[in-house]
Ligand code: CS2
């Protein structure tokens, strides 16, 4: 295909493709986003693209902390890319919200200027849980190598936390305090935790500045949701064919998308409310429900599904015994952990999420969801276990994904396959020190306070996990029904 997507070729797209409805050449940036990965491009950039049609300089300056791959890939396309909604009613939209892309290692001065610019009213980020550099008590991890570097070199930060702290310090002195810092990661109390990390970091440099940030800058909490599988060659080929011209990096996602933002800003914001974003004072309920019901069952599907050779969310949820496990897990242990005065709505929310897993148009790889288990499981499953233990509710089924993760780590280490996890080296060491024996490895893994905190010494938790590890490791070769049905008991 000769033609490539760009501002000049927008008028050559197939007629069914939606295009930006604002001035791409003259609209300016008002947002700096750190971590413009697939989810950002499918979710926040999508909402911002729609909001730009209502006016204002709300284009996005995307900042990659490490890689220049995205910047190089989209440069020939004027940073345009297409968003393919892959669902029963597919659709295609070209997104123009991202005006500029920079990489910290190459463009530090440009990035610093953008973060400090009076035109920048929103600094947002999607850096995943590990990017917050928090320890298991929710405080800044001062042992983190990037944090240690940034505390020693505050003018040359390499962490998102250090970069935001540097920007806020500069904005304090230049009198540009009308900026809001928005976390868009799957972390409970994400805004509060980001604020804690940035304020803790700044306190080490200047207690007075830390206090000013605490008093002056808003870090609203958010809940973000849309299933956004990684782009593969098939998606690229299909999208380019449907566009009628070449797009080197399209993004795919399901039709469902939701963004809930705490109504707490220290500066102006785009007209996101006009395009479906929910502003509320109570984000916690939305966060807890989504992280536990969706992300918790996603992680369960990933580690249990991979154990039985399943590749995608669809494959796993289409397996009766695995679907039965997910349904029982939700009904018996996850939904009861969420306080609500409308259980019918919560049950329907859970049913809708399971229905989304049955989207046969999307190949959502379990191996992708299985990344970073040591960072994800605390918010997605362990917090639910804590609440259930505290309320004397059951945790038996919640311990199945934990056991399956322990087995996942053991088997990956034994086979020599890479484990995508910031704690991978330590996990692999533990597994090899115990000759890859699942029960012995699990016994040591559960001692990891950085992951399990006080659950490490909880005998009820440990006994459930170890019992499931024995069952899953001894029986998974028998097949999924023979393995899971005894765990599910009298379903
Ligand atoms: C998934 C999430 O990869 C994963 O860990 O569970 O990315 C999930 O697809 C999104 O949170 C859905 O909103």
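The values are calculated or read from the model by the stated rules, or taken from the named source; none is laboratory data. Predicted, not measured: the structure shown is a model, and the values here were computed from it. Positions of Cβ are backbone-derived with ideal geometry, glycine not excepted, and every protein chain shown enters the neighbour counts.
Could you look through region 349-377, keep only residues that are farther than 19 Å from residue 253 by Cα and either free of Cβ contacts under 8 Å to residues at least 24 places away in the same chain or buried (at least 21 other Cβ atoms within 10 Å of the Cβ) (or both), and pick out the one that is nearest to the ligand (Cβ to nearest atom)?
Per the criteria, the residue is 376.
Could you give every pair whose Cβ atoms fall below 7 Å, whose first residue belongs to region 273-298 and is within 22 Å of residue 343 (Cβ to Cβ), and whose second residue is within 16 Å of the ligand (Cβ to nearest atom) and in a loop (DSSP other than H, G, I, E, B), counting only separations of at least 6 or pairs across chains?
283/221; 287/188; 287/221; 288/188; 291/186; 291/188; 295/186
Name the residues in region 224-247 that are in contact with a helix residue (DSSP H, G or I) (Cβ under 8 Å, 6 or more places away or on another chain) and closer than 17 Å to residue 14 by Cα, would you? It would help to see each step written out before you state the result.
So in region 224-247, the residues in contact with a helix residue (DSSP H, G or I) (Cβ under 8 Å, 6 or more places away or on another chain) come out as 224-231, 244-247.
Answer for region 224-247, where residues must be in contact with a helix residue (DSSP H, G or I) (Cβ under 8 Å, 6 or more places away or on another chain) and closer than 17 Å to residue 14 by Cα: 244, 245, 246, 247.
Out of all the residues in region 8-32, which are part of a loop (DSSP other than H, G, I, E, B) and crowded, with 16+ Cβ neighbours inside 10 Å? Before you say what the answer is, go through the steps one by one.
In the first step, residues of region 8-32 are kept if they are part of a loop (DSSP other than H, G, I, E, B); the result is 8-9, 13-17, 19-28.
Across region 8-32, the qualifying residues are 9, 13, 17, 19, 20, 22, 24, 27.
Can you confirm whether region 322-330 contains a residue that is within 28 Å of residue 449 (Cβ to Cβ) and in contact with a helix residue (DSSP H, G or I) (Cβ under 9 Å, 6 or more places away or on another chain)?
Looking for residues that are within 28 Å of residue 449 (Cβ to Cβ) and in contact with a helix residue (DSSP H, G or I) (Cβ under 9 Å, 6 or more places away or on another chain), one finds at least one in region 322-330, hence yes.
Quick one: which helices (runs of 4 or more DSSP H) lie wholly within region 204-307 and hold at least 3 residues that are within 16 Å of the ligand (Cβ to nearest atom), outside the structural domain of residue 32 (by TED's automatic domain parsing) and out of contact with any strand residue (DSSP E or B) (no Cβ under 9 Å at 6 or more places or on another chain)? So that I can check it myself, show each step before the final result.
Numbers: elements: 207-216, 233-243, 284-289, 296-307.
By residue number, 296-307.
Taking residue 343, is it assigned by TED's automatic domain parsing to the domain that holds residue 400 and either touching a strand residue (DSSP E or B) at 6+ places or on another chain (Cβ under 6 Å) or touching a residue at least 12 places away in the same chain (Cβ under 8 Å) (or both)? Give the derivation first.
Details: assigned by TED's automatic domain parsing to the domain that holds residue 400: yes; either touching a strand residue (DSSP E or B) at 6+ places or on another chain (Cβ under 6 Å) or touching a residue at least 12 places away in the same chain (Cβ under 8 Å) (or both): no.
It is false that residue 343 is assigned by TED's automatic domain parsing to the domain that holds residue 400 and either touching a strand residue (DSSP E or B) at 6+ places or on another chain (Cβ under 6 Å) or touching a residue at least 12 places away in the same chain (Cβ under 8 Å) (or both).
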